[in-house]
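**Q** Dropping the structure in here first, questions after.
The values are calculated or read from the model by the stated rules, or taken from the named source; none is laboratory data. Since the model is a prediction, treat every value here as computed from it, not as a measurement. Glycine also receives a Cβ, built like all others from the backbone with ideal geometry; neighbour counts cover every protein chain displayed.
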């Protein structure tokens, strides 16, 4: 598994779709990229079932269905860059997902997601989405913001 501290040149750059996930306590936001790695699009959410193994399996199934070559897991570091409980939980989830995805040739990367939810709320407000309606789409929008930042970073590193 890789994270944002590993130089991009050491990460496989096989072309294909990326699946971005924003892990939340109640919902998991999902976004996907196009196969050229140009655009990230919100894909939906998975409502936590209370069964972490079932939720993890749903993510694996979705990655396979979307023909992803990489799953990018949001890494919720603190504003000062430290790793709190949420970041440690994301690291563990990424490690467990990696174990399930490696047999399918899908790698897992962590990516710093600081302020993606704030950006998602701003984008939704700018688009005229308010209040309750935001709650329904903020997780997938945050996943798309995070995945787009990951894609932009890959393009900049080339």
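**Q** Determine which member of the set 110, 100 is part of a strand (DSSP E or B) and modelled with pLDDT of 90 or more. Give the derivation first.
**A** Details: 100 fails: part of a strand (DSSP E or B).
That would be 110, the only listed residue that is part of a strand (DSSP E or B) and modelled with pLDDT of 90 or more.
**Q** When residues of the stretch 37-55 are filtered for being closer than 17 Å to residue 26 by Cα and out of contact with any strand residue (DSSP E or B) (no Cβ under 8 Å at 6 or more places or on another chain), how many remain?
**A** 6
**Q** Return a yes/no flag: does the stretch 25-33 have any residue that is in contact with a helix residue (DSSP H, G or I) (Cβ under 7 Å, 6 or more places away or on another chain), surrounded by fewer than 13 Cβ atoms within 10 Å (Cβ to Cβ) and more than 18 Å from residue 101 (Cα to Cα).
**A** No, because not a single residue in the stretch 25-33 is in contact with a helix residue (DSSP H, G or I) (Cβ under 7 Å, 6 or more places away or on another chain), surrounded by fewer than 13 Cβ atoms within 10 Å (Cβ to Cβ) and more than 18 Å from residue 101 (Cα to Cα).
**Q** Could you list all residues from the stretch 42-80 that are exposed (fewer than 15 other Cβ atoms within 10 Å of the Cβ) and assigned to a strand (DSSP E or B)?
**A** Once the filter is applied, which keeps residues that are exposed (fewer than 15 other Cβ atoms within 10 Å of the Cβ) and assigned to a strand (DSSP E or B), the stretch 42-80 yields only 47.
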